[in-house]
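A.B. asks: The structure that follows is given in the form of structure tokens.
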């Protein structure tokens, strides 16, 4: 009887340990964080509020690059109504520029294209890099988007001379080691894993 209880306890512990390892592996499946070297420019992939700003600020002050770029965010219908009524309004790009300046980043430019999704970044970034003659770019992304974004950029940069490095913003809420402990983490994991798997099915070699 004692042996049965001991074995049951060992089995429960083993299942718990394996479950945690599997969940962590699922979380890290979404995440890539490549080592960074000196680059021509740092690009903010998505508007990730202060999380992305902090990451870029750390990279700039760490000497990775002095130039930063953000994607344009043209006004939609609601934004235009703000403007029509004379209400002060800043789009996401303008807010990012303001936040970066507060954090001590001085050289910031706007990429004149809107990128509502990950695939759009892959379509816009190669041509912009070619036009500007950039050979090395660090792209800052939310952690849960980072691996899918890396796959997209790996495909889109083929045939171009620019080396892309993807760095995730460390200050965002998604934690690949503990995502299952919150409703927001679970929702993010399910949605992003679904998108990543769909990308893998569409592009098995990427």
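A.B. asks: Hey, any hits in the range 154-174 for a residue that's closer than 30 Å to residue 18 by Cβ, modelled with pLDDT under 95, surrounded by fewer than 17 Cβ atoms within 10 Å (Cβ to Cβ) and within 13 Å of the chain's Cα centre (by Cα)?
C.D. replies: Yes, there is a match, as at least one residue in the range 154-174 is closer than 30 Å to residue 18 by Cβ, modelled with pLDDT under 95, surrounded by fewer than 17 Cβ atoms within 10 Å (Cβ to Cβ) and within 13 Å of the chain's Cα centre (by Cα).
To keep it simple, each residue is scored yes or no on (1) farther than 17 Å from residue 117 by Cβ; (2) without any contact (Cβ under 8 Å) to a residue 60 or more places away in the chain; (3) in contact with a helix residue (DSSP H, G or I) (Cβ under 9 Å, 6 or more places away or on another chain).
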| residue | (1), (2), (3) |
| --- | --- |
| 136 | yes, no, no |
| 150 | no, no, no |
| 157 | yes, yes, yes |
| 161 | yes, yes, yes |
| 164 | yes, yes, yes |
| 169 | yes, no, yes |
| 180 | yes, no, yes |
| 191 | no, yes, yes |
| 203 | no, yes, yes |
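A.B. asks: Kindly indicate whether residue 101 is under 23 Å from residue 202 (Cα atoms) and more than 18 Å from the chain's Cα centre (by Cα).
C.D. replies: For residue 101, the condition - under 23 Å from residue 202 (Cα atoms) and more than 18 Å from the chain's Cα centre (by Cα) - is not met.
A.B. asks: Given (1) closer than 17 Å to residue 30 by Cα; (2) surrounded by fewer than 15 Cβ atoms within 10 Å (Cβ to Cβ), identify the lone condition not met by residue 116.
C.D. replies: (1)
A.B. asks: Provide a single number: the residues in the range 70-123 that are closer than 22 Å to residue 150 by Cα and out of contact with any strand residue (DSSP E or B) (no Cβ under 7 Å at 6 or more places or on another chain).
C.D. replies: The qualifying residues number 8.
A.B. asks: Of everything in the range 86-138, what is assigned to a strand (DSSP E or B) and more than 19 Å from residue 56 (Cα to Cα)? Give them in sequence order.
C.D. replies: Correct list: 112, 113, 114.
A.B. asks: Turning to a different aspect of this structure: Mind checking which residues of the range 71-85 are assigned to a helix (DSSP H, G or I) and surrounded by 11 or more Cβ atoms within 10 Å (Cβ to Cβ)?
C.D. replies: Of everything in the range 71-85, those that are assigned to a helix (DSSP H, G or I) and surrounded by 11 or more Cβ atoms within 10 Å (Cβ to Cβ) turn out to be 79, 80, 81, 82, 83.
A.B. asks: In the range 39-50, is there at least one residue being in a helix (DSSP H, G or I) and modelled with pLDDT under 85?
C.D. replies: Yes, the range 39-50 contains a residue that is in a helix (DSSP H, G or I) and modelled with pLDDT under 85.
A.B. asks: Based on what the data block shows, is residue 59 modelled with pLDDT of 90 or more, in contact with a helix residue (DSSP H, G or I) (Cβ under 8 Å, 6 or more places away or on another chain) and part of a helix (DSSP H, G or I)?
C.D. replies: So residue 59 does not fit the description; no.
A.B. asks: Here are some residues: 43, 68. Which one is touching a helix residue (DSSP H, G or I) at 6+ places or on another chain (Cβ under 8 Å), touching a residue at least 60 places away in the same chain (Cβ under 8 Å) and surrounded by 18 or more Cβ atoms within 10 Å (Cβ to Cβ)?
C.D. replies: Sole residue among the options that is touching a helix residue (DSSP H, G or I) at 6+ places or on another chain (Cβ under 8 Å), touching a residue at least 60 places away in the same chain (Cβ under 8 Å) and surrounded by 18 or more Cβ atoms within 10 Å (Cβ to Cβ): 43.
A.B. asks: Report the residue count in the range 119-129 for those that are in contact (Cβ under 8 Å) with a residue 24 or more places away in the chain and loosely packed, with under 14 Cβ neighbours inside 10 Å.
C.D. replies: 1
A.B. asks: Let me ask you something else. For residue 167, indicate whether it is in a helix (DSSP H, G or I) and in contact with a strand residue (DSSP E or B) (Cβ under 9 Å, 6 or more places away or on another chain).
C.D. replies: No; evaluated as a whole, the condition is false for this residue.
A.B. asks: Would you check if there is a residue in the range 183-202 being at negative phi and not in a helix (DSSP H, G or I)?
C.D. replies: The answer is no; no qualifying residue exists.
A.B. asks: In a strand (DSSP E or B) and either touching a strand residue (DSSP E or B) at 6+ places or on another chain (Cβ under 9 Å) or exposed (fewer than 15 other Cβ atoms within 10 Å of the Cβ) (or both) - does that describe any residue in the range 141-148?
C.D. replies: The answer is yes; a qualifying residue exists.
The values are calculated or read from the model by the stated rules, or taken from the named source; none is laboratory data. Given the structure is predicted, the values throughout are model-derived calculations rather than measurements. Using ideal geometry, Cβ is built from the backbone for each residue, glycine included, and neighbour counts are taken over all protein chains shown.
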